[in-house]
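Engineer: First, the structure itself, so that you have it in front of you.
The values are calculated or read from the model by the stated rules, or taken from the named source; none is laboratory data. For clarity, every value in this text was computed on a predicted model and none was experimentally measured. Reconstructed Cβ throughout: ideal geometry from the backbone, glycine too, with neighbour counts over all protein chains shown. These accessible areas exclude ligands, DNA and RNA; they are computed on the full protein's heavy atoms, side chains included. Shrake-Rupley method; radii C 1.70, N 1.55, O 1.52, S 1.80 Å.
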Amino acid sequence: MPQGHPSGRVDRWVWAVRLAKTRADAAQACRGGHVRVNDRPAKPATPVRVGDEVQVRLNGVTRIVDVALVIEKRVGAPVARHCYTDRSPEPAPQQPGAVLRRDRGAGRPTKRDRRQIEQLRRQGL
């Protein structure tokens, strides 16, 4: 288990606990307003301390975590899970859509087939 610090940069912490793939992605998310610390927009250098709530929105997914340990070096996934408490809401279940399949070897879709496919897609199937 890594040693904790009293505080650290939020972009570095988000990267270290594997909420972002790269530190540049974490800093970009901060600059874009996708990271909040204690419900306030965070710049990359915003300090994060034990007990803070961090909200991160990356790739359309919002993660809400409480800081349990402040680290500055990236660690493995099992160790990273001990550095925060995940309070993210469960994602809404998605209804499976209709799968458009053509017979193998049927060739390219005809103009009529393409129009039917587009109509199904517009209806959300």
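Engineer: Output the residues belonging to segment 83-93 that are surrounded by 13 or more Cβ atoms within 10 Å (Cβ to Cβ) and either without any contact (Cβ under 8 Å) to a residue 40 or more places away in the chain or in a strand (DSSP E or B) (or both).
Structural biologist: Tyr84
Engineer: Here is a further query. Being of a type in the set (Val, Ile, Thr) and more than 23 Å from Arg31 (Cα to Cα): is that true of Val79 here?
Structural biologist: yes
Engineer: Out of (1) within 30 Å of Arg122 (Cβ to Cβ); (2) surrounded by 12 or more Cβ atoms within 10 Å (Cβ to Cβ), the odd one out for Asn59 is which?
Structural biologist: (2)
Engineer: I'd like the full set of residues that are open to solvent by 60 Å² or more (accessible area, probe 1.4 Å), free of Cβ contacts under 8 Å to residues at least 40 places away in the same chain and in contact with a strand residue (DSSP E or B) (Cβ under 7 Å, 6 or more places away or on another chain), limited to segment 62-82.
Structural biologist: Thr62
Engineer: Within segment 29-81, which residues are part of a loop (DSSP other than H, G, I, E, B) and under 11 Å from Val10 (Cβ atoms)?
Structural biologist: Asn38, Ala42, Lys43, Pro44, Ala45, Thr46, Asp52, Val70
Engineer: If you check Ala16 against the conditions, is it open to solvent by less than 70 Å² (accessible area, probe 1.4 Å), hydrophobic (A, V, I, L, M, F, W, C) and under 18 Å from the mean Cα position of the chain (by Cα)?
Structural biologist: On the way: open to solvent by less than 70 Å² (accessible area, probe 1.4 Å): yes; hydrophobic (A, V, I, L, M, F, W, C): yes; under 18 Å from the mean Cα position of the chain (by Cα): yes.
Spelling it out, Ala16 is indeed open to solvent by less than 70 Å² (accessible area, probe 1.4 Å), hydrophobic (A, V, I, L, M, F, W, C) and under 18 Å from the mean Cα position of the chain (by Cα).
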